[in-house]
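**Student:** Structure below; questions to follow.
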Amino acid sequence: DDDTKEIVLTPGQKVAAASRLTMWAGIFAFACGCAYFIGKELIPTKMSPNTVFNGASKVIKESSQVTMKYGETLKFYGKDHGGHREGRRNFIEHTEYTDKEDGSKRTRVRFNMEGQFHSAICFAEVSSEMASGEFVYVLVQDKRSGRVITVIDNRAALTAKKLAGGNQETANAMQQLLGGGSSK
């Protein structure tokens, strides 16, 4: 018919068009998945291991107890594979989990610190319920003696907040009973 300008496809052409469409949809879905994971790695959040590492390193450098024991020049690095192997030590050991008590998401990191006099292992944890830059705890453990220096410990404050149920006055009283707050 001259009035109709419809394209009529044979069954073989329909199969080819459908397979081409499916292939392009698959490529698009794969590209979206890759973009999501690349963006997740490159755009840091307060819960990302590298952000926790950087913040904890800054807090530890400002601690007078740590600088007295380990020296003024402190070097922080990730997982040490032991021995004298060459290579980068930029992998920060971390665990992401949901706390059973309050249901908040948490990130716990472990990294190494070297000073002029000794070396240590550092531990830090952040909670999604806390403001950016605040820590649940920051601890420094000497590799030789095992002695722990507590830089920040807000675990009692978090427990008091949970027990108080939102009342600030009750939370302050509970915090005093449970042993204070952060020791900055």
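The values are calculated or read from the model by the stated rules, or taken from the named source; none is laboratory data. The structure presented is a predicted model; accordingly, all values stated were derived computationally and were not measured. Using ideal geometry, Cβ is built from the backbone for each residue, glycine included, and neighbour counts are taken over all protein chains shown. Note: accessible area is taken over every heavy atom of the protein model, side chains too, but ligands, DNA and RNA are not part of it. Shrake-Rupley method; radii C 1.70, N 1.55, O 1.52, S 1.80 Å.
**Student:** In this structure, is T95 part of a loop (DSSP other than H, G, I, E, B), hydroxyl-bearing (S, T, Y) and under 12 Å from the mean Cα position of the chain (by Cα)?
**Tutor:** Answer is no for this residue.
**Student:** Could we say that V59 is open to solvent by less than 90 Å² (accessible area, probe 1.4 Å), among the β-branched types (V, I, T) and farther than 18 Å from L158 by Cα here?
**Tutor:** yes
**Student:** Out of E62, E41, which single residue is without any contact (Cβ under 8 Å) to a residue 12 or more places away in the chain, of a type outside the set (S, T, N, Q) and under 30 Å from I149 (Cα atoms)?
**Tutor:** Residue meeting the stated conditions: E62.
**Student:** Is one or more of the residues making up region 41-58 over 16 Å from L139 (Cβ atoms) and in contact with a Phe, Trp or Tyr (Cβ under 8 Å, 6 or more places away or on another chain)?
**Tutor:** We begin by selecting, within region 41-58, every residue over 16 Å from L139 (Cβ atoms); these are 41-51, 54.
Among the residues that remain, those that are also in contact with a Phe, Trp or Tyr (Cβ under 8 Å, 6 or more places away or on another chain) are: none.
No, region 41-58 has no match at all.
**Student:** Of the residues E72, E101, which single one is open to solvent by 90 Å² or more (accessible area, probe 1.4 Å) and in contact with a Lys or Arg (Cβ under 8 Å, 6 or more places away or on another chain)?
**Tutor:** E101
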